[in-house]
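A.B. asks: Quick one: structure below, then a few questions.
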Amino acid sequence: MATHRIGVLAGDGIGPEVVGEGLKVVEAAGVDFETVDYDLGGERYLRDGTVLPDSVVDEWKTLDAIYVGAVGTPDVPPGVLERGLLLRMRFELDLYINLRPFRHADRNIDMAVIRENTEGAYAGEGGFLRKGTPHEIVTQGSVNTRMGVERAIRFGFELASKRRRHVTLVHKTNVMTYSGDLWYRTFEEVAAEYPYYGTAYNHVDAACIYFVDSPDRYDVIVTDNLFGDILTDLGGAVSGGIGKAASANLNAAGTGPSMFEPVHGSAPDIAGRGIADPSAAILSAAMMLEHLGEGAAAAAVDRACMAVDGSVQGTSAIGDAIAAAVAG
Ligand code: IPM
Ligand code: MN
């Protein structure tokens, strides 16, 4: 297999620490790859005002995958990096599926949340009128297209075909009666093409209770962008902590590279101390290997993470132990 060209955006805070461990493990798995580093994120923005040059977006389109640590520093105003870097990457590379798996053996958790990743409340629709006056008006809409909803739901059923063949739609159809209607109708139509699959519908508030009380009911969940954002933090919290939560931002149609990153942020409070758990970043690297067609290496990394889980402490000690288990 040809050498994989991986763009690496290590970012801020604990990002570089955990990404370093991820790449160490990929190397130990014997995968042939080369990296292209991108100095972007909060520190870069504070240094020279750069968020994401157009030329970088063009270059990304030529890569096989992008591996991200975390971006964000406390001095950068909210929205600059989120909208200007992370969301722009999702939109421009059409990373329309955000796949976030959660497992916890003792709690019987083995589920995958599919979060629609390019629309909804994240689309950026809305604005201010009469800003700063007592009569200020603000709207922030949720944009849902039939195409975007349908491709997320279809991905859910296809994923379920490799799992336990059960798909739950999570939304808030009792209040969001327009977007909820589109999601529900589309879900029913797609489900009809998969007659032997179990399906369920949960309101998002009820799903929060089930995540805590009875998460074993879930196999695959499909949901919109904002519900998925919130629900996947909860998913991390109930399945071993956000330090274990991995994610794939997929251009599932394969028209460009996909992006892989831990669900957690840059955690400036613990940065530089060598105590961040690199598991989420390493598991995200395993998802990247799977996507690159390196299924055996991906499975080996995954098994190594499970074997090492909880037995060592410290960023590089955990990375070393997983790398050793992979090299076996
Ligand atoms: C995530 C993050 C991002 C999101 C932020 C940093 C823009 O919370 O990946 O879940 O809201 O999608
Ligand atoms: Mn989030």
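The values are calculated or read from the model by the stated rules, or taken from the named source; none is laboratory data. This one's a predicted model, so the numbers in the text were calculated from it and none came from an experiment. Cβ sites come from the backbone with ideal geometry, for glycine too, and all protein chains shown count toward neighbours.
A.B. asks: The conditions are (1) on the phi < 0 side of the Ramachandran plot; (2) more than 16 Å from ligand 2 (Cβ to nearest atom), and SER239 fails exactly one of them. Which is it?
C.D. replies: Among (1) on the phi < 0 side of the Ramachandran plot; (2) more than 16 Å from ligand 2 (Cβ to nearest atom), the lone unmet condition for SER239 is (2).
A.B. asks: So, in the range 48-95, of the ones that are more than 24 Å from ILE282 (Cβ to Cβ) and among the small types (Gly, Ala, Ser), which residue ends up nearest to ligand 2 (Cβ to nearest atom)? Explain how you work it out, then say what you get.
C.D. replies: Let us first name the residues in the range 48-95 that are more than 24 Å from ILE282 (Cβ to Cβ), namely 48-59, 61-62, 74-80, 82-84, 87-88, 91-92, 94.
Right, trim to among the small types (Gly, Ala, Ser) and you get 49, 55, 79, 84.
Numbers: GLY49: 25, SER55: 28, GLY79: 14, GLY84: 17 Å.
Looking at the filtered set, the residue picked out is GLY79.
A.B. asks: Working only within the range 208-224, note down all residues that are within 16 Å of ligand 2 (Cβ to nearest atom) and either farther than 15 Å from THR168 by Cα or more than 15 Å from the chain's Cα centre (by Cα) (or both). Outline the logic, then answer.
C.D. replies: So the first thing to find is which residues in the range 208-224 are within 16 Å of ligand 2 (Cβ to nearest atom), and the list is 208, 211, 221, 223-224.
Those that are within 16 Å of ligand 2 (Cβ to nearest atom) and either farther than 15 Å from THR168 by Cα or more than 15 Å from the chain's Cα centre (by Cα) (or both): CYS208, PHE211.
A.B. asks: Quick check on the range 264-317: of everything there that is among the aliphatic types (A, V, I, L, M) and within 16 Å of ligand 2 (Cβ to nearest atom), which residue is nearest to TYR67 (Cα to Cα)? Walk me through how you get there before you give the answer.
C.D. replies: The first filter runs over the range 264-317 and keeps only residues among the aliphatic types (A, V, I, L, M), leaving 267, 270-271, 275-276, 280-283, 285-289, 292, 296-301, 304, 306-308, 312, 317.
Adding the requirement that they be within 16 Å of ligand 2 (Cβ to nearest atom) leaves 267, 280-281.
Working: ALA267: 18, ALA280: 12, ALA281: 9 Å.
Taking the candidates together, the pick is ALA281.
A.B. asks: What strands (runs of 3 or more DSSP E) lie completely within the range 1-120 and have 3 or more residues being more than 20 Å from the chain's Cα centre (by Cα) and farther than 22 Å from ARG151 by Cβ?
C.D. replies: Values: elements: 4-11, 33-37, 65-70, 97-104, 109-116.
Correct list: 33-37.
A.B. asks: Among the residues of the range 128-155, which ones are outside any loop (DSSP other than H, G, I, E, B) and either at pLDDT below 95 or touching a helix residue (DSSP H, G or I) at 6+ places or on another chain (Cβ under 8 Å) (or both)? Give the steps one after another, and end with the answer.
C.D. replies: Initially, the range 128-155 is screened for residues outside any loop (DSSP other than H, G, I, E, B), giving 128-129, 137-140, 143, 146-155.
Answer for the range 128-155, where residues must be outside any loop (DSSP other than H, G, I, E, B) and either at pLDDT below 95 or touching a helix residue (DSSP H, G or I) at 6+ places or on another chain (Cβ under 8 Å) (or both): GLN140, VAL143, ARG146, VAL149, GLU150, ILE153, ARG154.
Rundown of residues vs (1) within 16 Å of ligand 1 (Cβ to nearest atom); (2) acidic (Asp, Glu); (3) touching a residue at least 12 places away in the same chain (Cβ under 8 Å), yes/no style:
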{"position": "GLU193", "(1), (2), (3)": "no, yes, yes"}
{"position": "TYR197", "(1), (2), (3)": "no, no, yes"}
{"position": "ASN202", "(1), (2), (3)": "no, no, yes"}
{"position": "TYR210", "(1), (2), (3)": "no, no, no"}
{"position": "SER214", "(1), (2), (3)": "no, no, no"}
{"position": "ILE221", "(1), (2), (3)": "yes, no, yes"}
{"position": "ASN225", "(1), (2), (3)": "yes, no, yes"}
{"position": "GLY228", "(1), (2), (3)": "yes, no, yes"}
{"position": "ASP233", "(1), (2), (3)": "yes, yes, yes"}
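A.B. asks: Has the range 229-241 got at least one residue that is at pLDDT 95 or above and either of a type in the set (Phe, Trp, Tyr) or touching an Asp or Glu at 6+ places or on another chain (Cβ under 8 Å) (or both)?
C.D. replies: Checked the range 229-241: no residue is at pLDDT 95 or above and either of a type in the set (Phe, Trp, Tyr) or touching an Asp or Glu at 6+ places or on another chain (Cβ under 8 Å) (or both).
A.B. asks: Could you identify the single residue in ILE221, ILE230, ILE270 that is part of a strand (DSSP E or B) and farther than 24 Å from ARG5 by Cα? Spell out how you get there, then give the answer.
C.D. replies: On the way: ILE230 fails: part of a strand (DSSP E or B); ILE270 fails: part of a strand (DSSP E or B).
After ruling out the rest, the residue left standing is ILE221.
A.B. asks: For the range 122-157, give me each residue that is within 30 Å of PRO195 (Cβ to Cβ), of a type outside the set (S, T, N, Q), more than 16 Å from ligand 1 (Cβ to nearest atom) and surrounded by 13 or more Cβ atoms within 10 Å (Cβ to Cβ).
C.D. replies: To start, the set of residues in the range 122-157 that are within 30 Å of PRO195 (Cβ to Cβ) comprises 144-157.
Filter once more, keeping what is of a type outside the set (S, T, N, Q): 146-157.
If we keep only those that are more than 16 Å from ligand 1 (Cβ to nearest atom) as well, we get 146-147, 149-151, 153-157.
Of everything in the range 122-157, those that are within 30 Å of PRO195 (Cβ to Cβ), of a type outside the set (S, T, N, Q), more than 16 Å from ligand 1 (Cβ to nearest atom) and surrounded by 13 or more Cβ atoms within 10 Å (Cβ to Cβ) turn out to be VAL149, GLU150, ARG151, ILE153, ARG154, PHE155, GLY156, PHE157.
A.B. asks: Out of all the residues in the range 273-301, which are of a type outside the set (A, V, I, L, M, F, W, C) and buried (at least 21 other Cβ atoms within 10 Å of the Cβ)? Working first, answer last.
C.D. replies: From the range 273-301, those of a type outside the set (A, V, I, L, M, F, W, C) are 273-274, 277-279, 284, 290-291, 293-295; that's our starting set.
Hits for the range 273-301 are ASP277, PRO278, SER279, SER284, HIS291, GLU294.
A.B. asks: Quick one: would you say GLY240 is in contact (Cβ under 8 Å) with a residue 12 or more places away in the chain and either of a type in the set (A, V, I, L, M, F, W, C) or within 13 Å of ligand 1 (Cβ to nearest atom) (or both)? Before the answer, list the steps.
C.D. replies: Details: in contact (Cβ under 8 Å) with a residue 12 or more places away in the chain: yes; either of a type in the set (A, V, I, L, M, F, W, C) or within 13 Å of ligand 1 (Cβ to nearest atom) (or both): no.
No, not satisfied.
A.B. asks: Can you tell me which residue is surrounded by the fewest Cβ atoms within 10 Å (Cβ to Cβ) among those in the range 262-272 that are under 18 Å from VAL76 (Cα atoms) and within 12 Å of ligand 1 (Cβ to nearest atom)?
C.D. replies: GLY265
A.B. asks: Any chance the range 81-92 includes a residue that's under 25 Å from ALA152 (Cα atoms), away from ligand 1 (no atom under 16 Å from the Cβ) and surrounded by fewer than 19 Cβ atoms within 10 Å (Cβ to Cβ)?
C.D. replies: No - not one qualifying residue is present in the range 81-92.
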